[in-house]
Amino acid sequence: MLVHKLEISKPLWQQLIRDLARTGMGVKESGAFLLGNMEPSRVVTEYLLYSDIAPDSQHVNYVLLRGRHMAKVWDICELRKLRVVADIHTHPGVPIQSPSDRDNPIVSIAGHVALIVPNFAKGLVVPSSLGFHEFQGQGEWRSWFRGEAAALLNITG
Ligand SMILES: [Zn+2]
């Protein structure tokens, strides 16, 4: 079974959550590609905000990522010798996937992880408030919440 823990340092995590809250301005969804290494374990070392990758595609409520945006991300990954380890985005309410989230994995490879942060990342965001969603391939996902989600996100240092 595919279950891939993610690791991220505490300062990077805190900065990411602050940036998600800031770019969503408390009123719209925001997100980021989480870049890093996959082997021997999944470690996030930096991130690219959707608002930086797709400034031309910031809608009132959401961000629409297109092929040209993804091409930009792959170029950056190649340049920095990194991979897209996961993605993260905010929701106005609970961290469950929308039909569009389920239908459009950011990376359509089994094992890809999509994190969802509730409440537009406002206030205190703890790992147990997240939705941890892992693409299984063939349109299928597995989801973890609360303590189980927290156990899959290792915030170090
Ligand atoms: Zn969503």
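The table below gives the values:
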quantity	calculated
Computed over the chain, Kirkwood Rh from alpha-carbon pairs, angstrom	15.5
Residue-level accessible surface for Thr45, protein heavy atoms, 1.4 Å, Å²	70
Portion, in percent, of the accessible area of the chain that falls on carbon or sulfur, probe 1.4 Å	54
Total lysine pairs whose alpha carbons fall under 22 Å of each other in the chain (8 or more apart, or interchain)	4
Student exercise, the chain dipole from Lys, Arg, Asp, Glu Cβ charges, in Debye to nearest 20	260
Zone residues, the stretch 20-50, relative to Trp141, backbone N less than 15 Å from point 7 Å out along Cα-to-Cβ	30-32
Surface accessible to a 1.4 Å probe, Lys5 within the full protein complex, Å²	120
Asp52-Lys81 FRET efficiency (beta carbon distance; Förster radius 30 Å; 0.05 resolution)	0.90
Distance (nanometres) between label positions extended 7 Å along Cα→Cβ at Ser128 and Glu39	3.7
Rounded to 5, the percent of DSSP beta bridges in the stretch 79-137 classed as antiparallel	45
Label-point separation in nm, Glu7 to Arg102, each point 7 Å along Cα→Cβ	3.3
Label point distance in nm, Ala71-Thr156, each placed 7 Å from Cα along Cα→Cβ	3.6
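The values are calculated or read from the model by the stated rules, or taken from the named source; none is laboratory data. Just so you know, these numbers come straight off a predicted model, no measurement behind them. Quick reminder, even Gly has a Cβ in these numbers, built from the backbone with ideal geometry, and neighbours come from all protein chains shown. Areas reflect the complete protein model, heavy atoms only, side chains present, ligands, DNA and RNA absent. Shrake-Rupley method; radii C 1.70, N 1.55, O 1.52, S 1.80 Å.
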